[in-house]
1. In the same structural domain as A187 (by TED's automatic domain parsing), surrounded by fewer than 16 Cβ atoms within 10 Å (Cβ to Cβ) and touching a strand residue (DSSP E or B) at 6+ places or on another chain (Cβ under 8 Å), is that true of Q85?
2. Name the pairs whose Cβ atoms lie under 8 Å apart, with the first residue in region 147-170 and under 22 Å from P186 (Cα atoms) and in contact (Cβ under 8 Å) with a residue 12 or more places away in the chain, the second hydrophobic (A, V, I, L, M, F, W, C) and assigned to a loop (DSSP other than H, G, I, E, B), and 6 or more positions between them or separate chains?
3. Inside region 145-198, can you point out the residues that are β-branched (V, I, T) and surrounded by 19 or more Cβ atoms within 10 Å (Cβ to Cβ)?
4. Can you spot a residue in region 206-213 that is of a type in the set (A, V, I, L, M), outside the structural domain of G112 (by TED's automatic domain parsing) and crowded, with 22+ Cβ neighbours inside 10 Å?
5. Scan (1) of a type in the set (S, T, Y); (2) within 22 Å of Q117 (Cα to Cα); (3) away from ligand 2 (no atom under 16 Å from the Cβ) for the single condition T226 breaks and write down its number.
6. Among the residues of region 82-104, which ones are within 16 Å of ligand 1 (Cβ to nearest atom) and either part of a helix (DSSP H, G or I) or in contact with a helix residue (DSSP H, G or I) (Cβ under 7 Å, 6 or more places away or on another chain) (or both)?
7. Just checking, does region 66-87 include any residue being under 20 Å from E110 (Cα atoms), among the charged types (D, E, K, R) and within 16 Å of ligand 2 (Cβ to nearest atom)?
8. Count, please, the residues in region 39-66 that happen to be at pLDDT below 90 and near ligand 1 (Cβ under 8 Å from one of its atoms).
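The values are calculated or read from the model by the stated rules, or taken from the named source; none is laboratory data. The model shown is predicted, which means the values in this text are computed figures rather than measured ones. A quick note on method: Cβ atoms are made from the backbone with ideal geometry, for glycine too, and the neighbour counts reach across all protein chains shown.
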Amino acid sequence: MASAVSETGTFSTITSIAVKQPARADVVIRACGVNYAYGSGETRTQVLFDNDLEISRGEVVIMTGPSGSGKSTLLTLIGALRRMQEGRLEVLGRDLTEAGDADQVVLRKEVGFIFQQHNLFSSLSAIENVRMATALRPASVAEMNERAAEILTKLGLGERMGHLPSSLSGGQKQRVAIARALVNRPALVLADEPTASLDAESGKTVLDLLRGMADGPDRTTVLLVTHDQRVIDHADRIVNMVAGRIVTNSLTRIAVRIVRALAAQDALRGLGEATLSRLASFMTVETHHAGETIVREGEDGDRFYAIGSGIADAYYAGEFDEELCFGEGFGIITAYFNRPNRRTVIARTEMELYVLSKEDFFRALKADTTFESRVRTALMSMPGYLDAPAAGSVP
Ligand SMILES: Nc1ncnc2c1ncn2[C@@H]1O[C@H](COP(=O)(O)OP(=O)(O)O)[C@@H](O)[C@H]1O
Ligand SMILES: [Mg+2]
């Protein structure tokens, strides 16, 4: 894809986009007005204040924020390692608001926890440590061994399965602990700085594995506390915690793709990342059903679409042209010119589309005159667009 934004560029401004989030049916974590305090009486200190958070099945969400801001506290509440005090909390369809010990234990079995301290059994080998976890879900010894070996191999420890923790490096021990957390294919993974002790390559292996689990048939949900910048490309969303409050909650992975898709639009070529990010924040979300025609070749286009989920088929001159999926854009922005859609696009599956309409585009222009002049300059510099209307004629 020709793009004004380099593939390796730093998408530093993009984390600030808050594209309106689609309403999803399968919410795995729903927190509402969650407060939490340590201690009691004179020593009582409130550390979480009125936190709302919704995470859907298959999402990878990163939580960042300064040390002491309450990230671990919120994570342990979600994992039922700590009793709720105030607010509502539902996890994997269970209400934890007033859950007792027994309910908490049941939930914990469905969660894969990854902590900074690995807590491996020193007298057990790597594979035996991982097998300990499979014992939670009874299976034959052969099957348990196979599953444990498979996940250790995926994490690059195929050669080290028989080693005791004392003969493994810090990073290798951490990967054994990660294997142990994931071997039962938990519906939810809660990870507290899981890549802190890993080198760049093993960090990437772990993140690829988690992303693969989220995108795979299990649609695992992952909530990850980290400061690791490399993680951002793997995440659907970043949640930022400051002084006990979630302060931003933005879509990142799709935002990066939307900006790339916008950058590839002829009419917007040459605009910088910050300008395109601002434009992306004016987009709204639409759902389309399988079989629906979204745009038609030859008809005047006044909407630009970027695919959030689902697959579409594009046709050119009546012939199948290509399949379109996550992050790809189609349609056109004809803010200044009426131009026909180049292709017909039909939804193959149910789709979630981020849409920038002509009206959104004008609202974006009006909200920011610098932006408008940048768009205008970019357009004027393009061959064939010299008939653009004069300044001031934007409706
Ligand atoms: N067991 C505890 N008892 C009392 N205070 C605690 C305890 N655990 C954490 N805190 C305090 O709660 C606040 C939030 O801590 P934490 O959730 O660990 O933050 P983070 O994970 O973002 O670093 C900090 O001020 C910390 O000192
Ligand atoms: Mg912490």
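1. When the stated conditions are applied, Q85 passes them.
2. From residues that are under 22 Å from P186 (Cα atoms) and in contact (Cβ under 8 Å) with a residue 12 or more places away in the chain, the pairs are R147/A139; R147/V183; A148/M161; A148/V183; A149/M161; I151/V183; L152/M161.
3. Passing the criteria: I151, V176, I178, V183, V189, T195.
4. Within region 206-213 (the criterion being of a type in the set (A, V, I, L, M), outside the structural domain of G112 (by TED's automatic domain parsing) and crowded, with 22+ Cβ neighbours inside 10 Å), the answer is no, since none of the residues qualifies.
5. T226 satisfies all of (1) of a type in the set (S, T, Y); (2) within 22 Å of Q117 (Cα to Cα); (3) away from ligand 2 (no atom under 16 Å from the Cβ) except (3).
6. R82, M84, L89
7. Looking for residues that are under 20 Å from E110 (Cα atoms), among the charged types (D, E, K, R) and within 16 Å of ligand 2 (Cβ to nearest atom), one finds at least one in region 66-87, hence yes.
8. 2
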